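The values are calculated or read from the model by the stated rules, or taken from the named source; none is laboratory data. Bear in mind that the values here come from a model prediction, so they are computed numbers and not experimental data. Glycine gets a Cβ as well: all are built from the backbone with ideal geometry, and neighbour counts include every protein chain shown. All accessible areas refer to the heavy atoms of the entire protein, side chains included, with ligands and DNA or RNA removed. Shrake-Rupley method; radii C 1.70, N 1.55, O 1.52, S 1.80 Å.
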Amino acid sequence: GQQVMQIPQYQHVQEGEDFTTYCNSSTTLSNIQWYKQRPGGHPVFLIQLVKSGEVKKQKRLTFQFGEAKKNSSLHITATQTTDVGTYFCAGGMNTGFQKLVFGTGTRLLVSP
Amino acid sequence: KAGVTQTPRYLIKTRGQQVTLSCSPISGHRSVSWYQQTPGQGLQFLFEYFSETQRNKGNFPGRFSGRQFSNSRSEMNVSTLELGDSALYLCASMVSPNTGELFFGEGSRLTVL
């Protein structure tokens, strides 16, 4: 079946360190979305990438979509305690009726 | 503008019972999707509705069903509950299918004893 894997599952960093999560799909994606879920909260949309090789930045967050549209990454520069949460990628699948397949998520813990 | 509203927020059921969860999307949003979130399995897609029609269905048994009303509100039902159905059930809406971001509700946390 269609799968989207994320690594690492969990990362604990010191405040100020960088963090990267990677997302890999077994099939070519039409687009990739990223969501953040704070502990006890619900997923909140961060960004969508559509084009092959696309790179987008939001302040300290950098998102990339691979050339083959099968992988993506989220990089956070100089993490802050407010970055704590689980980051999910969600790949758009061209299944006729497009649907989003969520990655397994990366849980980020930031120590002050 | 009000967000996605899910009710109830928390509920406890016993094995064999059934449960109905409700979702009111953001005003003007006509597409509603349901997801099951568990610690081990992450976010699993259940189904998507648009204009009262199911467009997509995930790999869940027939005990899981849903519907959408003419006002875009949606319900999902789980019959003959099993312990493994304990999870956070999230509803998400968007203006129409494939239009971009999903807006999630706070979820309904179901515990099956």
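Could you compute the net charge surrounding residue B:113? Neighbours are other residues with a C-beta less than 12 Å from the C-beta of residue B:113; K and R count +1, D and E count -1.
0
Can you work out the base-10 log of I(q)/I(0) for the stretch B:32-75 at q = 0.21, 0.22, 0.33 1/Å, using the Debye formula on its C-alpha atoms alone?
-0.66, -0.71, -1.18
Suppose R0 equals 22 Å; then what is the FRET efficiency for residue B:83 and residue B:59 from their Cβ-Cβ distance, rounded to the nearest 0.05?
Calculated transfer efficiency: 0.70.
Using unit Cβ charges (K, R positive; D, E negative) and no other charged atoms, how large, in debye to the nearest 20, is the dipole of the stretch A:19-64 about its Cα centre?
The dipole of the stretch A:19-64 has a size of about 260 debye.
How large is the Kirkwood hydrodynamic radius of chain B, in angstrom, based on all distinct alpha carbon pairs?
With all distinct Cα pairs of chain B included, I get 13.9 Å.
Only four residue types carry charge here, +1 at the Cβ of Lys and Arg and -1 at the Cβ of Asp and Glu. Report the dipole size of chain B about the Cα centre in Debye, rounded to the nearest 20.
It works out to roughly 140 debye.
Can you compute 3J(HN,Hα) from phi for each residue in the stretch B:72-79, using the Karplus curve 6.51 cos²θ - 1.76 cosθ + 1.60 with θ = phi - 60°, rounded to whole Hz and x for Gly and Pro?
For the stretch B:72-79, the Karplus curve yields 6, 4, 10, 10, 10, 10, 10, 9 Hz.
Any of A:69/A:99; A:36/A:99; A:59/A:99; A:36/A:59; A:36/A:70; A:70/A:99 with alpha carbons more than 24 Å apart? Name them for me. Mind showing how you got there, number by number?
On the way: A:69/A:99 16 Å; A:36/A:99 19 Å; A:59/A:99 29 Å; A:36/A:59 15 Å; A:36/A:70 20 Å; A:70/A:99 15 Å.
Exceeds cut-off: A:59/A:99.
Once Rh for the stretch A:66-112 is found with the Kirkwood sum over Cα pairs, what is the Stokes-Einstein diffusion coefficient at 25 °C and 0.890 mPa s, in µm²/s?
Here the translational diffusion coefficient equals 192 µm²/s.
Let me test this: with uniform point scatterers at the alpha carbons of the protein assembly as shown, what is the Debye-based log₁₀ I(q)/I(0) at q = 0.18 1/Å?
Ignoring solvent entirely, the Cα scatterers give -1.34.
Can you list which of the GluC sites (Glu not before Pro) found in the stretch A:1-93 are DSSP loop residues with at most 16 other C-beta atoms within 10 Å?
Numbers: sites: A:15, A:17, A:54, A:67; in loops: A:15, A:17, A:54, A:67.
In loop regions of the stretch A:1-93 (DSSP not H, G, I, E or B), the sparsely surrounded GluC sites (Glu not before Pro) are A:15, A:17, A:67.
Once the other residues with Cβ under 12 Å from the Cβ of residue A:23 are scored (Lys, Arg +1; Asp, Glu -1), what is the net sum?
Values: positive: A:69, A:70; negative: none.
Surrounding charge for residue A:23 is +2.
Distance from the Cα centre of the stretch B:1-25 to that of the stretch B:58-113, in angstrom?
Centre-to-centre (Cα) distance: 8 Å.
Kirkwood hydrodynamic radius, the stretch A:26-112, all distinct C-alpha pairs: what's the number in Å?
Mean inverse Cα-Cα distance, inverted, gives 13.5 Å.
Mind checking the dipole of the protein assembly as shown: about its Cα centre, +1 per Lys or Arg Cβ, -1 per Asp or Glu Cβ, Debye to the nearest 20?
Working: 22 positive and 13 negative charges, 75 e Å.
In debye, rounded to 20, the protein assembly as shown gives about 360.
Among B:113, B:35, B:45, flag the residue with its Cα farthest along the positive direction of the charge dipole of chain B, charges on Cβ as +1 for Lys/Arg and -1 for Asp/Glu.
B:113
Along the charge dipole of the protein assembly as shown, which of B:72, A:10, A:23 sits closest to the positive end, that is, farthest toward it, with unit charges on the beta carbon of Lys, Arg, Asp and Glu (+1, +1, -1, -1)?
Value computed over the given set: B:72.
What do you reckon, how do A:18, B:85 stack up by accessible area (1.4 Å probe), largest on top?
Working: A:18 80, B:85 5 Å².
Per-residue accessible area, sorted high to low, gives A:18, B:85.
With r as the distance between the Cβ atoms of residue A:17 and residue A:56 and R0 = 30 Å, compute the FRET efficiency 1/(1 + (r/R0)^6) and round to 0.05.
Calculated value: 0.85.
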